[in-house]
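Peer 1: The following block contains the structure, expressed as structure tokens.
Every number in this text was worked out from the coordinates using simple rules, so none of it is lab data. On a predicted model such as this, the values are computed, not experimentally measured, just so you know. Cβ sites come from the backbone with ideal geometry, for glycine too, and all protein chains shown count toward neighbours.
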Amino acid sequence: MTKGRHNENIQQSLQRLHKGRTYRDLSTVMVVPTRGDIPATVVSSWMGLMRPMNQPCGGPVFFQGFEVGDAYNQAVEWVLAFNEQCKSNPQARPFRFMLTLEEDNTPPPDGILRLIETIHDGDFDAVGGLYWTKGEEGQPMIYGDPTVLPKNFAPQPPLVDQVQRCNGLGMGFTLFRVALFEKMAKDLPKDAKSVRQWFRTVQDYTPGVGGRAFTQDLWFFDQATKYGGRFASDNRVHVGHYDKQTDITW
């Protein structure tokens, strides 16, 4: 009678389990800001995403008709409100992670699993897949080297197939710990619609101080570092950036 291949090398089997983190609470929700028109090429890649076995993995939940920063603000508030409701419902489980997807990004099938592995291994607060801005002169969306002061968001050359620490990321395929939002929530005031400004698109000028410009993603990462946030790009996770006009994935 055979004892089974996994039993023949228990240590190796345990290493595989620890690496996959499947024994932990990996409950994840996918959120998508959208204008309401998502190409079939993109949807097909999302349908092929592998999800953690026997773990809640909700969505995608779509936030349509908002400016992109406000769409993400709405998404975070929705997740936090859902988690709060779970406290009074023993049958519901709060989400530990929020995965942002954008309507022109095509992640690989094992993308979620790899990001979950990396966010645990590196004790990060957010981890993104590697993707580039569109066009022949595309830049990797890995911003700032944490070892360089003063803090900056200059595009960084990717370390091939490695996990690379950074100051900021794009949000086309990025996994966030919900705990980071919970930590920041107490210091962010709500507007008239009970929404906090987690993400903001900023372009302004102050006389005597100078100008500043942030896309909604880098605004968030700039604020989150004040709360000890640690971020990385998982350069093993190759994410396409689809251009509908040219039918090219960059």
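Peer 1: Among all the aspartates and glutamates, which ones have a C-alpha under 17 Å from Lys151's C-alpha, if same-chain residues fewer than 8 places away are not counted?
Peer 2: Answer for Lys151, where 17 Å is the Cα cut-off: Asp217, Asp222, listed by chain and number.
Peer 1: Please compute the contact order of the chain in relative form: average sequence separation of alpha-carbon pairs under 8 Å and at least six residues apart, divided by the residue count, as a percent.
Peer 2: 23
Peer 1: Indicate the gyration tensor shape class of segment 26-249 (rounded, prolate or oblate), computed on the Cα atoms with a ≥ b ≥ c the square roots of the eigenvalues: a/c under 1.5 is rounded; otherwise a/b larger than b/c is prolate and the rest oblate.
Peer 2: rounded
Peer 1: How many nm is it between the label spots at Ile248 and Ala154, if each spot is 7 Å from the Cα in line with the beta carbon?
Peer 2: 2.7
Peer 1: If R0 is 30 Å, what FRET efficiency do you get for Gln64 and Asp123 from their C-beta distance, rounded to 0.05?
Peer 2: 0.30
Peer 1: If you don't mind, another one. Ranked highest first by average number of other Cβ atoms within 10 Å, how do 69-81, 51-63, 94-106, 180-192 line up?
Peer 2: 94-106, 69-81, 51-63, 180-192
Peer 1: Right, here's the next one. Let me have the 222 nm mean residue ellipticity of the chain computed from DSSP H runs of 4+ only, each contributing -39500 (n - 2.57), with the sum over all residues rounded to the nearest 500.
Peer 2: -8000 deg cm²/dmol
Peer 1: While we're here: Between Lys87 and Thr41, with labels modelled 7 Å along Cα→Cβ, what's the label distance in nm to one decimal, could you check?
Peer 2: 4.6
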